[in-house]
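The values are calculated or read from the model by the stated rules, or taken from the named source; none is laboratory data. It should be emphasised that the depicted structure is a prediction, and the values quoted were computed from it without experimental measurement. When the accessible area is computed, the model is the full protein with side chains, heavy atoms only, and any ligands, DNA or RNA have been set aside. Shrake-Rupley method; radii C 1.70, N 1.55, O 1.52, S 1.80 Å.
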Amino acid sequence: MSIREEDQMFNSADKESFMEYRGYSEDTKRVARILFRKIAKIEREKNQDIYELNRESIELVLKELRASTIRSLQNSISTIEQYINYAIQSGKINNRDNIASFYSKKEDIAKFLDASAEDNMILTQSDIYGFGRYAENAQDSVILNLLFDGVSHKRKFIELRNIRRQDVNEDTLTIHVPELVDEDTGELLPPRTVPISKETLQMIHAAIKETKYTSVTGKTSRSYKIAESDYIVRGLRNNYQIKWENISQRMIRIADLEDNPYLNATNIAYSGQVHYTNELMQTQGQSVNEACRNIMKRFNISDNNAAFFSLKARVEKATAN
């Protein structure tokens, strides 16, 4: 049974009111709740809401976030700053400077990054399959498998949203991604073929057969009719071709239920890249350079030196661990 998200936050009423005041979408609310649950440990230890904390305690919060990148830490600080501004404007604390505003410069927050967090960004194939087996919907699970195997999450999940059951070749264990047009730029995207695992094929079958989508909120569970169409990943009711925003929402929901902030489309793709690069090296005797080049094609990664050396560095670090 899922744990109520708001019960895991400290002073949940104020934080829920803040999100309503800001007009957050459900997608953004889920991200904010993940953040607020992280900082709740310090809030409970101090028995104070974050808007009441002093500078020393705020820095404990920033360390507790265990961010691996400057950008992710800046995003978290921005939400915290907005929340404290809300508390000041609402008269919950005396008017004063927003303490979070002192942490806007990269050089001031770099010391709070968690060097070990990067290790948690790479998930194993068993991790992905485990998340899928315990997810409430095959329609959610298949997203994880397809991204891990090489279907691209770029351009608003255009590949994931457009593959149909007839694009799956069960004999060769491949998916034919058809020629597509980028909806934002008008760029023509050539067709390509993506290998898939037997487990992913099984999950595709389950997703195709699924007719009801279960949504759990707190202790309440509701089922919705899944649209009938040839698309593998489908929306609800008449949304026969799922919208990219709905895929983002499903990803956040899975990460939320698993209490794993590293479970996102980018990290799943990174994890698949590392896994299949290692597989080529171990089973086919390819060099790391050759394997990386082949995996870049599989995951539709731009063929440039920056992308190549970034992938190679991830593979070598994972192998060293």
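Any chance you could get the radius of gyration and Dmax over the Cα atoms of the chain, in Å?
Over the chain's Cα set, Rg and Dmax evaluate to 21.5, 68 Å.
At 0.36 nm per residue, minus the direct Cα-Cα distance, what do S57 and R133 gain on full extension? Give it in nm, one decimal, please.
Difference between extended and current length: 23.4 nm.
Just the number, please: carbon plus sulfur as a percent of the accessible area of the chain, 1.4 Å probe, no ligands or DNA/RNA counted.
Of all accessible area on the chain, carbon and sulfur atoms account for 45 percent.
Taking the Cα centroid of region 291-321 and of region 104-174, what is the distance between the two, rounded to the nearest whole Å?
Each part reduced to its Cα centre gives a spacing of 16 Å.
Using alpha carbons only, what's the Rg to Rh ratio of region 174-321 with Rh from Kirkwood?
Rounded to two decimals, Rg over Rh is 1.01.
Taking N as the number of residues in region 1-107, what is its Cα Rg relative to 2.2 N^0.38 Å?
My calculation over the Cα atoms of region 1-107 gives 1.01.
I'd like to check one number: the per residue accessible area of the chain, probe 1.4 Å, reported in Å² as a whole number. Present the calculation step by step, with values, prior to reporting the outcome.
Numbers: 16660 Å² over 321 residues.
For the chain, the per-residue accessible area is 52 Å².
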